[in-house]
1. Could you calculate the FRET efficiency of Asn54 with Glu249 from 1/(1 + (r/R0)^6), where r is the beta carbon distance between them and R0 is 56 Å, rounded to 0.05?
2. Hey, what's segment 194-308 come to in accessible area per residue, 1.4 Å probe, Å²?
3. Would you compute, from DSSP H runs of 4+ residues alone, the mean residue ellipticity of the chain at 222 nm, taking -39500 (n - 2.57) per run and dividing by the full residue count, rounded to the nearest 500?
4. Out of Leu109, Leu300, Leu247, any idea which swings most in a Gaussian network model of the chain, alpha carbons joined below 10 Å?
5. What are the extents of the Cα atoms of segment 184-323 along their three principal axes, listed from largest to smallest and rounded to whole Å?
6. Tell me the net charge near Pro43. Cut-off is 13 Å between Cβ atoms, Pro43 excluded, with +1 for each Lys or Arg and -1 for each Asp or Glu.
7. From Cα pairs below 8 angstrom and at least 6 apart in sequence, can you work out the relative contact order of segment 1-118, rounded to a whole percent?
8. Where the centre of each part is set by its Cα atoms, how far does segment 124-151 sit from segment 277-311, in angstrom?
Amino acid sequence: MKTSLKQRSKEIYQITIPTPFLVGPINTFLIRGDALTLVDTGPKTDDALTQMRNKLAECNVRTSDIDIVVLTHHHPDHIGLVQEFLPNAKLVGHPKLRPWLERDEQFLLNTRNYFYNFYEEHGVPMNWIEEMDRIHNNYLKYTTKVPLDLEVSEGDTIDGLPHWRVIETPGHAQSHISLIHEQDGTAIAGDHLIAHISSNAIIEAPYWNEVERPKTLIQYREALKKCLHTSFIYSGHGDGIENPRELIEERLKGMEEKAQVFKRKMGEEPIQVFDLSKKLYPKIYQKQTALTFSETLGHLDLLEEQGEVTSFSENDRTYYRKT
């Protein structure tokens, strides 16, 4: 039977935690550095907590022994159990993790309002928007409101984790960071790169004083290139990645090829994102509306950056057409 506790080096243990989400189990990582560090936690469920406690016990560790919890990004399957490591552990993450972790009410309201307008502008019917909003709000029950202790950004190091440095890897999430070991090139990369599935470059609203939404697929492509020279990647889901360069180059090429599929599907008349999403994903857009919308918009962003499509507004609606 395949164990959910793996060890590749004497310093790093992989602990696999169940989730109630379609993505399946999540990998968290225990690092025995100068400080006992956990990277990501799993969602706030009884099953996840039981598994975490049991697997830590196999390492002769209790939740109260953890000194640092590094959170790769704000999605519920990665941050939900943080409360279990307090008050002893220091919580570390990107500045854009803070409003999600601390449940900043104004930030969440602004984000919610932005997406109501944005989805409507791009052709999503209001009843679909309301359902996406309901699903998104439901995810909050798998998280806990707690304060972020330490913000980290590109190039930072963390006291207690010698030889590891932070890189910003946005795309899948604006708050996404990865850790790279400076001596051997090993990376712990959350959902930045997953062997068996392509990470979705999920659209997000502008943060704080930002004016425009982030072009997440374009961001993601640039962030992937930061990991071309890593030697091994511990992934947030599935198996570790032995040859990151090969997979990254495959994913970058695949995005270019998929963008051309979207372009062909556009037809010759102007089209909105939601209508194109339905064309590309006729069997799954109803069940995974937000993800298929993100995928469609991301590839349109890429095509627009390359000068192959253009967008325009008409009657408060946004359309895309080939150039």
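1. 0.90
2. 49 Å²
3. The helix-only estimate for the chain comes to -10500 deg cm²/dmol at 222 nm.
4. Answer for the Gaussian network model of the chain: Leu109.
5. Cα extents, longest axis first: 55, 37, 30 Å.
6. Neighbourhood net charge equals -3.
7. Computed over segment 1-118, the figure is 19 percent.
8. Rounded to whole Å, the Cα centres lie 22 Å apart.
The values are calculated or read from the model by the stated rules, or taken from the named source; none is laboratory data. Since the structure is predicted, the reported quantities are computational estimates derived from the model, not experimental observations. Neighbour counts run over all protein chains shown; Cβ positions are idealised from the backbone, glycine included. With ligands, DNA and RNA removed, areas are computed over all heavy atoms of the protein, side chains included. Shrake-Rupley method; radii C 1.70, N 1.55, O 1.52, S 1.80 Å.
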